[in-house]
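To start, the structure itself, in structure tokens.
The values are calculated or read from the model by the stated rules, or taken from the named source; none is laboratory data. These figures come from a predicted structure and were not determined experimentally. With ideal geometry, Cβ positions are generated from the backbone for all residues, glycine too; neighbour counts draw on all protein chains shown.
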Amino acid sequence: MTHNQTQANHGAEGVADVTRRRIGLFGGTFDPPHLGHLVVADQVRSELGLDECWFVVANDPWQKSGWRTVTPAAQRLELVEAALSGADGLRSCDVELEEEGPSYTIDTLTTLQDRFPDVDWLIVIGQDAASRLDTWERADRLRSVGEFIVVNRPGAPSAMPPGWRLQRVDVPPLDISSTDLRTRFGAGRSVRFLVPDPVIDLVDRWGIYRPGS
């Protein structure tokens, strides 16, 4: 996991004034990561003046692993790192890979709050996910401690659940999905300009998303 060092300015009396950082947490399966993901993270960071935005790779995405095969987490992390190479202010985060079992936002947020008490964390989610927040693991606890950045998604429900700290950010509506990209990879169709070139290189080298892989 990568992060900037906390900055501290010392006043006239030698008392440290610690500057808090604001970091977005953009969690997902990223199977594979694509340019739509990068656009969302960069737009949120820019619009809200965040110090960084971290791509939190899910170890076991409980909402997906039950109905389709998910690429191993270590490979998805490597794909994210490849996608973010040279992207200023965007970082990968492997905190959810440290524990076995399903990945829950409340656990990730609690762990990072404990490790980095100088950071204000903002959880970046799509409009479709925001509409289902009340169904998330330990939703009552998450509602009380989490602050969410909601980005627009084409065709997603507009109604948001009450009682959550939600802030909307409009991003360019790029209708790119990992599901479609896996199909394209499997069929040998072009994904150029949809997926960063380093990700395409890794997918081709590993042979993932191919029939029978």
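Some points to look at:
- Filtered by the rule that a residue be of a type outside the set (D, E, K, R) and closer than 16 Å to residue 108 by Cα, the range 127-142 gives 133, 136, 139, 142.
- Pair list, Cβ < 7 Å and 6+ apart or interchain, from the range 35-51 residues that are farther than 16 Å from residue 199 by Cβ to residues that are of a type in the set (Gly, Ala, Ser): 44/24; 45/24; 45/89; 50/24
- Verdict on residue 120 being surrounded by fewer than 19 Cβ atoms within 10 Å (Cβ to Cβ), of a type in the set (Asp, Glu), under 29 Å from residue 74 (Cα atoms) and over 18 Å from the mean Cα position of the chain (by Cα): no
- Of all residues in the range 164-193 being polar (S, T, N, Q) and touching a Phe, Trp or Tyr at 6+ places or on another chain (Cβ under 8 Å), the one that is nearest to residue 206 (Cα to Cα): 178
- You will find that of 150, 203, 199, the residue that is under 20 Å from residue 57 (Cα atoms), outside any loop (DSSP other than H, G, I, E, B), within 18 Å of the chain's Cα centre (by Cα) and touching a residue at least 60 places away in the same chain (Cβ under 8 Å) is 199 and no other.
- A single entry from 187, 159, 130 fulfils the requirement of being among the small types (Gly, Ala, Ser), out of contact with any Leu (no Cβ under 7 Å at 6 or more places or on another chain) and either within 20 Å of residue 55 (Cβ to Cβ) or at pLDDT below 95 (or both): 159.
- Near pairs, Cβ below 9 angstrom, 6+ apart or cross-chain, from the range 123-135 (within 16 Å of residue 176 (Cβ to Cβ)) to any residue that is surrounded by fewer than 22 Cβ atoms within 10 Å (Cβ to Cβ) and among the basic types (Lys, Arg): 126/153; 127/153; 127/168; 128/153
- Selection status of residue 183, surrounded by fewer than 18 Cβ atoms within 10 Å (Cβ to Cβ), of a type outside the set (Gly, Ala, Ser) and more than 26 Å from residue 77 (Cβ to Cβ): no
- Inter-residue pairs, beta-carbon under 8 Å, first touching a residue at least 60 places away in the same chain (Cβ under 8 Å) and in a loop (DSSP other than H, G, I, E, B) and in the range 94-117, second surrounded by fewer than 16 Cβ atoms within 10 Å (Cβ to Cβ) and hydrophobic (A, V, I, L, M, F, W, C), 6+ apart: 94/1; 103/62
- Odd one out for residue 61, checked against (1) at pLDDT 95 or above; (2) outside any helix (DSSP H, G or I); (3) not polar (S, T, N, Q): (1)
- Among the residues of the range 136-192, those identified as farther than 21 Å from residue 22 by Cβ and of a type in the set (A, V, I, L, M) are 139, 156, 159, 160, 174, 176, 181, 187, 191.
- Selection status of residue 172, buried (at least 18 other Cβ atoms within 10 Å of the Cβ) and closer than 18 Å to residue 41 by Cβ: no
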